[in-house]
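Data block below; observations after.
The values are calculated or read from the model by the stated rules, or taken from the named source; none is laboratory data. Not measured: the values here are computed from a predicted model. All Cβ positions, even for glycine, are placed from backbone atoms using ideal geometry, and neighbour counts span all protein chains on display. The area values use the complete protein model at the heavy-atom level, side chains included, leaving out ligands, DNA and RNA. Shrake-Rupley method; radii C 1.70, N 1.55, O 1.52, S 1.80 Å.
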Amino acid sequence: MIPAAAPLPLPEAPARDVEVLLSAEEIARRVRELGQEITAAHPGGELVLLSVLKGSFIFAADLARAIPLPLRIDFLGLSSYGGKTETTGVVQITSDLTRPIEGAHVVIVEDIIDTGLTMAYLLDNLATRRPASVKICALLEKPGRSRLPIAIDHRGFVIPDRFVVGYGLDFDERYRNLPFVGVLDPGAAGRVG
Ligand code: IMP
């Protein structure tokens, strides 16, 4: 017989470094709604959820389970920060899709759109692969910061211009496992790394 598991402690120390902005419950509710939106908007044909790594891996896992349609999930590794809280503007593909997306209806699953530079790069890159359509589903948007206008088709939350972590988002590879999205104390950002 398997013994009952002891309750797990909360990952990290949220009270000290991170102030809750969006609770796990709020996120779960919105992700279900986004799943319904995407399902209703899907034109038919092959649907590919394209999760942008690493930040969207938790969001994509939850979103996929909120879309009751046959679909494929693929991952594209992009990096634009390199351990800082400001984008460098230089985007690198760190790992590519495993299959072609030609003729497919692609929904890009992104954690956050900040300046829009990463998404603009990604849209250009995907266009060369000739998908049938490309839509953007972003959990978070920081609108005041946009440097390139990006049309977000499915948007989770609009948030203030603060550096956030949790639910997949990191600072220097930490905090991704927090179940909520929170604002990182700027002092903590300075102490990490
Ligand atoms: P953009 O190119 O400035 O739009 O930045 C997009 C990428 O930067 C996102 O996919 C995130 O990985 C990262 N990013 C932007 N803002 C934040 C934040 O507040 N916390 C954590 N990562 C962020």
### strands (runs of 3 or more DSSP E) enclosed by the range 68-177 - at least 1 residues per element that are within 14 Å of the chain's Cα centre (by Cα)
72-79, 105-113, 133-141, 154-158
### Summary
Of (1) near the ligand (Cβ under 9 Å from one of its atoms); (2) in contact (Cβ under 8 Å) with a residue 40 or more places away in the chain, residue 132 satisfies every one except (1)
## Note on the structure
Those residues of the range 153-175 which are in contact with a strand residue (DSSP E or B) (Cβ under 7 Å, 6 or more places away or on another chain) and open to solvent by 20 Å² or more (accessible area, probe 1.4 Å) amount to 153, 155, 157, 158, 162, 163
### Query
residue 140 versus (1) closer than 22 Å to residue 41 by Cα; (2) open to solvent by 10 Å² or more (accessible area, probe 1.4 Å); (3) touching a Gly at 6+ places or on another chain (Cβ under 8 Å): which is the lone unmet condition?
(2)
### Message
For residue 121, only one of the following conditions fails: (1) open to solvent by less than 70 Å² (accessible area, probe 1.4 Å); (2) modelled with pLDDT under 95. What is its number?
### Response
(1)
### Query
Would it be correct to say that residue 192 is under 14 Å from residue 17 (Cβ atoms) and at pLDDT 95 or above?
no
### Query
Residues of the range 32-53 being out of contact with any Lys or Arg (no Cβ under 9 Å at 6 or more places or on another chain), assigned to a helix (DSSP H, G or I) and of a type in the set (Val, Ile, Thr), which ones?
39
## Note on the structure
Residue set 46, 102, 110, 33; condition within 18 Å of residue 167 (Cβ to Cβ) and away from the ligand (no atom under 15 Å from the Cβ); output residue 33
